[in-house]
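Below is one structure, written out as structure tokens; comments come after it.
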Amino acid sequence: MMLNVIITHVYVCLPASCLCLIERKEVPFLTLHSTRASAPPVQPERPGGEILTHRTFLALSIPLMLSALSTPLLGVVDTAVIGRIPDPSLLGGVAVGTLIFNTLYWLLGFLRVSTSGFTAQAQGAGDPAGLSLSFYRPLLLAGVFGLLLVLLQSPIRDVSLALMTAGPEVEGYAGVYYNIRIWGAPFALANYVVMGWLIGVSRVKGAMLLQIGMNLSNILLCLLLVGGLKMEVTGVAWATLLSEVGAAAAGVIWVLMLQRRGRGGASLRNVINLRPMMLMLKVNRDLLIRTACLLAVFFLFTSRGAALGEDTLAANAILLQIHYVMAYLYDGFANASSILTGRALGERSAVLYRRAVRLGGIWSFGLSAVLTVIVLLWGSELLTLFTGMPEVLELARQYLPWLLLYPLAGFWGLQLYGVFAGATMAGPIRNSLVFSLAVFIPLLFLTVPPLGNHGLWLSFIVFTLGRSVFLWMYLPRLNRLFLTKKSAG
């Protein structure tokens, strides 16, 4: 259970004071249609020439939000289907196996983020060859990482199961699940690249439908293989593997069809060109460090919570699950900000950049206000959706006020994470996490002994706020990047 809280996105943001940097002028919605004569080969889902208004920003954000919410459904479906079989060892094995893959794939989630940023910049610059290369380069990298996971499957499995410290039966079923699903690693990572590329060219509805299609196929295959053919753990593993393979194949074919006109610039020599490949690897390295810092925080948070007792551990797990739902909701605005910033950089439009940041900040703040009110008014009722154990509910209600602080401490961090990711400025993202972790660790060991679980949550909220503040400190550097470009607005 300890590691179960390590595997999701946590997002944070900045003080509303930086809204003063943003112009209020309406600008053409250039992010969805290049104004250059050499138009990009991929037309987004919305026509060009529109004004980047609240409505158009939400039209971009909401499908991305729904797509993000569907991200963890593969593991949820596997667990729900196998949970109908009256054998807790089966359920435990699938849960442990799912956790291993969620952790592995979350670590490699930078493939989607960086692909989205580079693609949006190429789209904004009206660069057909760049659009093709922004797909093929990360796809090659995904293939390399996927192949490494397959080749190293035995040591990865053994180390992961040893860290889980599960019983022999649970460990055996987890091994069966893992041994099948690991062969889908190249396809799962290819899906990250496909999703990132589609998001980068503003094909957000298509990306959402592709994600939903993968989840629906997984559900149907699970029902067939487990409910019909009684394949149990083997069935759910094969269902997930086949759905990942199908989604990857469909996604790659679709992307190739969309970029037919730009394929000429994607020769093997261009794909493996050392300079842009090293730039992509540098961005991905920094994003990987960012994710590793998050894993460290959640590991320390959970391990210290476990030392306070099983009931406290369970209460914290429930509160963190609510926090994860909040993070996935914010993800839509973060991805929209990433698309718009990348496109503004490609368009060389400082005005569009400011407008995109302003709208993202407004809607992230609005979501924070709504989430805070929901937790304040109905937080206790939300807790009962997760457990009926009175002692755990009592503890969760005791620490619920800390969750009220998360949206307001975090909304600007999420917004700026998307902005910096769209500009592929991963160094500040990395540094903000490293600095925040450096604050979190000593504070954790200073506050938990006298304050108990309150000290644990205090440290986490300070970490969240730190991510916002440290990333905000880099915002002038990003602003200067746009000031050095000729404005297209």
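The values are calculated or read from the model by the stated rules, or taken from the named source; none is laboratory data. Values in this document were obtained by computation on a predicted structure and should not be read as measured data. Cβ sites come from the backbone with ideal geometry, for glycine too, and all protein chains shown count toward neighbours.
Tell me, which residue of the range 192-242 that is hydroxyl-bearing (Ser, Thr, Tyr) and closer than 30 Å to ALA122 by Cα is surrounded by the fewest Cβ atoms within 10 Å (Cβ to Cβ)?
Only one residue fits best here, namely TYR192.
Is it the case, given these coordinates, that LEU198 is more than 12 Å from LEU241 (Cα to Cα), in a helix (DSSP H, G or I) and free of Cβ contacts under 8 Å to residues at least 24 places away in the same chain? So that I can check it myself, show each step before the final result.
On the way: more than 12 Å from LEU241 (Cα to Cα): yes; in a helix (DSSP H, G or I): yes; free of Cβ contacts under 8 Å to residues at least 24 places away in the same chain: no.
Here the answer is no, as LEU198 does not meet what is asked.
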Kindly check whether there is at least one residue in the range 405-418 that is among the hydroxyl-bearing types (Ser, Thr, Tyr), in the same structural domain as LEU345 (by TED's automatic domain parsing) and under 26 Å from the mean Cα position of the chain (by Cα).
yes
TYR177: passes all of (1) hydroxyl-bearing (Ser, Thr, Tyr); (2) part of a helix (DSSP H, G or I); (3) under 28 Å from VAL271 (Cα atoms) but (3)
Filtering the range 421-461 down to residues that are of a type in the set (Lys, Arg) and surrounded by fewer than 17 Cβ atoms within 10 Å (Cβ to Cβ) yields none
From LEU147, LEU189, LEU161, LEU141, which residue is surrounded by fewer than 21 Cβ atoms within 10 Å (Cβ to Cβ), in a helix (DSSP H, G or I) and in contact (Cβ under 8 Å) with a residue 60 or more places away in the chain?
LEU161
Filter the range 263-283 down to residues that are modelled with pLDDT of 85 or more and assigned by TED's automatic domain parsing to the domain that holds THR103, then give me how many there are.
0
Working only within the range 125-138, note down all residues that are of a type outside the set (A, V, I, L, M), over 22 Å from the mean Cα position of the chain (by Cα) and in a helix (DSSP H, G or I).
PRO128, GLY130, SER132
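Specify the residue that is nearest to ASN284 (Cα to Cα); the eligible residues are those in the range 377-430 that are β-branched (Val, Ile, Thr) and part of a loop (DSSP other than H, G, I, E, B).
Taking the candidates together, the pick is THR424.
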Without any contact (Cβ under 8 Å) to a residue 60 or more places away in the chain, among the hydrophobic types (A, V, I, L, M, F, W, C) and surrounded by fewer than 17 Cβ atoms within 10 Å (Cβ to Cβ) - does that describe any residue in the range 360-367?
no
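Just checking, which of PHE470, PHE445 is closer than 23 Å to VAL113 by Cβ and in a helix (DSSP H, G or I)?
Only one candidate passes the filter, namely PHE470.
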TRP472 - would you say it is buried (at least 22 other Cβ atoms within 10 Å of the Cβ), touching a residue at least 40 places away in the same chain (Cβ under 8 Å) and either closer than 30 Å to GLY124 by Cα or within 23 Å of the chain's Cα centre (by Cα) (or both)?
no
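Kindly indicate whether GLY172 is in a helix (DSSP H, G or I), touching a residue at least 12 places away in the same chain (Cβ under 8 Å), touching a helix residue (DSSP H, G or I) at 6+ places or on another chain (Cβ under 6 Å) and not assigned by TED's automatic domain parsing to the domain that holds ARG348.
Working: in a helix (DSSP H, G or I): yes; touching a residue at least 12 places away in the same chain (Cβ under 8 Å): yes; touching a helix residue (DSSP H, G or I) at 6+ places or on another chain (Cβ under 6 Å): no; not assigned by TED's automatic domain parsing to the domain that holds ARG348: yes.
No: the conditions fail for GLY172.
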In the range 90-112, anything hydroxyl-bearing (Ser, Thr, Tyr) and buried (at least 24 other Cβ atoms within 10 Å of the Cβ) is listed as THR98
Unique residue being within 20 Å of TRP106 (Cβ to Cβ), buried (at least 20 other Cβ atoms within 10 Å of the Cβ) and either of a type in the set (Ser, Thr, Tyr) or touching a Lys or Arg at 6+ places or on another chain (Cβ under 9 Å) (or both) when the list is LEU345, LEU287, LEU352
LEU287
Filter result (surrounded by 13 or more Cβ atoms within 10 Å (Cβ to Cβ), within 10 Å of LEU404 (Cβ to Cβ) and of a type in the set (A, V, I, L, M)) within the range 375-387
VAL375
Wholly within the range 32-114, helices (runs of 4 or more DSSP H) carrying at least 1 residues that are modelled with pLDDT of 75 or more and touching a Pro at 6+ places or on another chain (Cβ under 8 Å):
88-107
When you scan the range 182-189, do you find a residue that is among the β-branched types (Val, Ile, Thr) and over 22 Å from the mean Cα position of the chain (by Cα), even just one?
no
